[in-house]
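I'd like to ask some things about the structure below.
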Amino acid sequence: MKSILTLLAFVFAGFLCSAQQIKSFTLVPSNPTDRDTVVVIANMEFRNSSCALSNKGHSVNRTNRIIASAHHCQGTGQAICSISDTFNIGQLPAGNYDFDITLTSGFGGNPCTPGFVPDDRDTLSFVVQAVTGIEKLNLENIKLYPNPVDDYLFIADANRQIEQMKIISLNGSTILMVDQPKNKINLSSLATGVYYVQLMNSNEVKTHKIIKL
């Protein structure tokens, strides 16, 4: 009887796991160079309500393989839950890379139960190009993400000498000003609402609209 119950538990776990999947990837920037901060966003779908992230991580080995994992806590309601996990990989030397991610899930409050078996595995392959010489900054190509943003706003290609960044409220007041911003800006102190992000250098000014959660 014990062996039958164990078998049924694993069959049930396998059924639950088959419903969770990695739907797609987003690579930022889409064609990275060795000067860019590489970010991989894994878009996932669960068949149960709520799918809060319990933990995640990644590592880069010498064979240019990035090993990543994500574990989510699911609710008991029968409702599709979509969520995206952001992995900030950082700058990478020029070369070919594989981003391999394993998805697991559990039930209960965070921290939830561990996954019996992986729900899904997937791989994103991409190339990091080498940049030679001095590249002229084009603010038109700068991307801000995610939007809407919660605590941290990422700036793709921020290492290309953006001289100044301003966060401006809808009434025109400057809320935050950062000289030579890096790729990660802490916006946790901002109130919920709509803001303008102004990026500047000596040649041009580019303005983005963001929503702060």
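Out of (1) closer than 26 Å to Ile155 by Cβ; (2) at pLDDT 90 or above; (3) surrounded by fewer than 17 Cβ atoms within 10 Å (Cβ to Cβ); (4) more than 12 Å from the chain's Cα centre (by Cα), what's the single condition that is false for Asn31?
Looking at each condition in turn, Asn31 falls short on (2).
Give me the residue from the stretch 186-195 that is under 16 Å from Pro146 (Cα atoms), of a type in the set (Ser, Thr, Tyr) and surrounded by fewer than 16 Cβ atoms within 10 Å (Cβ to Cβ) and, out of that set, farthest from the chain's Cα centre (by Cα).
Thr192
Go through the stretch 108-213 and tell me which strands (runs of 3 or more DSSP E), entirely inside it, have 2 or more residues that are touching a Gly at 6+ places or on another chain (Cβ under 9 Å) and modelled with pLDDT of 80 or more. First the steps, then the outcome.
Numbers: elements: 120-128, 152-155, 164-169, 174-179, 184-186, 193-200, 205-212.
Correct list: 120-128, 205-212.
Inside the stretch 111-120, can you point out the residues that are free of Cβ contacts under 8 Å to residues at least 60 places away in the same chain and surrounded by 12 or more Cβ atoms within 10 Å (Cβ to Cβ)? Lay out the reasoning, then the answer.
Within the stretch 111-120, the first condition is being free of Cβ contacts under 8 Å to residues at least 60 places away in the same chain, and the residues that meet it are 111-114.
Of everything in the stretch 111-120, those that are free of Cβ contacts under 8 Å to residues at least 60 places away in the same chain and surrounded by 12 or more Cβ atoms within 10 Å (Cβ to Cβ) turn out to be Cys112, Thr113.
Answer yes or no as to whether Asp85 is more than 22 Å from Ile211 (Cβ to Cβ), of a type in the set (Asp, Glu) and not assigned by TED's automatic domain parsing to the domain that holds Lys206. Give the derivation first.
Values: more than 22 Å from Ile211 (Cβ to Cβ): no; of a type in the set (Asp, Glu): yes; not assigned by TED's automatic domain parsing to the domain that holds Lys206: yes.
For Asp85, the condition - more than 22 Å from Ile211 (Cβ to Cβ), of a type in the set (Asp, Glu) and not assigned by TED's automatic domain parsing to the domain that holds Lys206 - is not met.
Which condition number in (1) free of Cβ contacts under 8 Å to residues at least 12 places away in the same chain; (2) closer than 26 Å to Phe87 by Cβ is the one that Asn171 fails?
In the conditions (1) free of Cβ contacts under 8 Å to residues at least 12 places away in the same chain; (2) closer than 26 Å to Phe87 by Cβ, Asn171 misses (2) alone.
Within the stretch 81-124, can you find the residues that are more than 24 Å from Thr33 (Cβ to Cβ) and aliphatic (A, V, I, L, M)?
Ile83, Leu103, Val117, listed by residue number.
Identify all residues within the stretch 51-71 that are within 17 Å of Thr104 (Cβ to Cβ) and surrounded by fewer than 16 Cβ atoms within 10 Å (Cβ to Cβ); write none if there are none.
Looking only at the stretch 51-71, we keep the residues that are within 17 Å of Thr104 (Cβ to Cβ), and these are 51-59, 67-71.
Of everything in the stretch 51-71, those that are within 17 Å of Thr104 (Cβ to Cβ) and surrounded by fewer than 16 Cβ atoms within 10 Å (Cβ to Cβ) turn out to be Ala52, Leu53, Asn55, Gly57, Ser59, Ile67.
The values are calculated or read from the model by the stated rules, or taken from the named source; none is laboratory data. On a predicted model such as this, the values are computed, not experimentally measured, just so you know. Neighbour counts run over all protein chains shown; Cβ positions are idealised from the backbone, glycine included.
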